[in-house]
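The values are calculated or read from the model by the stated rules, or taken from the named source; none is laboratory data. In this text the structure is predicted, and so the values were computed from the model without any measurement. Using ideal geometry, Cβ is built from the backbone for each residue, glycine included, and neighbour counts are taken over all protein chains shown. Side chains included, ligands, DNA and RNA excluded: accessible areas come from the protein's heavy atoms. Shrake-Rupley method; radii C 1.70, N 1.55, O 1.52, S 1.80 Å.
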Amino acid sequence: TLNEAFFKQVASTKSLDGLGFPDVTQHLEKSIWKGHGRRAVVIVDALRYDCAVAIGESLRGQSVEVTPLLAVLPTVTSVGMTAMLPLSSTTVDIELKQNSLHPKVGGKDFAARAARLAFLTEFGADCRDIAEVESSSSLPDAGDLLVVYGHEEVDSIGHGQAENLIRHVHLEIERLARLVRKLHRWGYTS
């Protein structure tokens, strides 16, 4: 239903403007990157809106807000992940290499995860792999801004085995809800 309404609106207006959704880069800049206090960002490649709603519903007893955001097109990992970064004081250039897009910030190729993580670390984020966070009983010496990365299972299953994703997605929803509960216990309430 959401996709149908989206495509009808875009087809009739021939524009992405006026859809009523906040832009991902600007929204995250205000709500996360310029925020204060202990907050965590869990980066999940290709997490659908309905999955985010299901995660929120499974976090009973907690205040949950799910906000649909307007992605940057095309919705490929290198472009989408770069668009989620704190970019207000930078310029993003796009280079086409062998039929793939390579966003560049400050001359660095942000199609590479390592460049994006280095940028976030320079920004002041404490970047941790999801496997490290999931296996830890505590998170010593973590900063106020924690970025949990490395979770691309939903995306990889969707690319190669979309029919299996339907049977698997509820497991990922439960996994991410457990992760959010753990982060809340550690004091990351946003």
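Would you check if Val53 is in a helix (DSSP H, G or I), touching a residue at least 12 places away in the same chain (Cβ under 8 Å) and of a type in the set (A, V, I, L, M, F, W, C)? So Val53 fits the description; yes. Restricting Val64, Val92, Val105, Val79 to residues that are within 24 Å of Leu183 (Cβ to Cβ) and among the β-branched types (Val, Ile, Thr) narrows the list to Val64. When Leu28 is evaluated against the numbered criteria (1) within 25 Å of Lys182 (Cβ to Cβ); (2) modelled with pLDDT under 90, which criterion, by number, is the only one it fails? Result: Leu28 passes all but (2). Considered as a group, the residues in segment 13-41 that are over 26 Å from Val64 (Cβ atoms) and open to solvent by less than 90 Å² (accessible area, probe 1.4 Å) include one that is nearest to the chain's Cα centre (by Cα), and that residue is Leu16.
Within segment 10-50, being without any contact (Cβ under 8 Å) to a residue 40 or more places away in the chain and at positive phi holds for Lys14, Gly18, Gly20. Can you work out which of the residues in segment 67-114 that are under 19 Å from Trp33 (Cα atoms) and in a strand (DSSP E or B) is most open to solvent (accessible area, probe 1.4 Å)? So the residue we want is Val92. If you go through segment 115-140 and keep only what is surrounded by 16 or more Cβ atoms within 10 Å (Cβ to Cβ) and assigned to a loop (DSSP other than H, G, I, E, B), you end up with Ala125, Leu139.
Looking at segment 51-63 only, could you name the residues that are within 14 Å of the chain's Cα centre (by Cα) and either exposed (fewer than 13 other Cβ atoms within 10 Å of the Cβ) or small (Gly, Ala, Ser) (or both)? Of everything in segment 51-63, just one residue is within 14 Å of the chain's Cα centre (by Cα) and either exposed (fewer than 13 other Cβ atoms within 10 Å of the Cβ) or small (Gly, Ala, Ser) (or both), namely Ala52.
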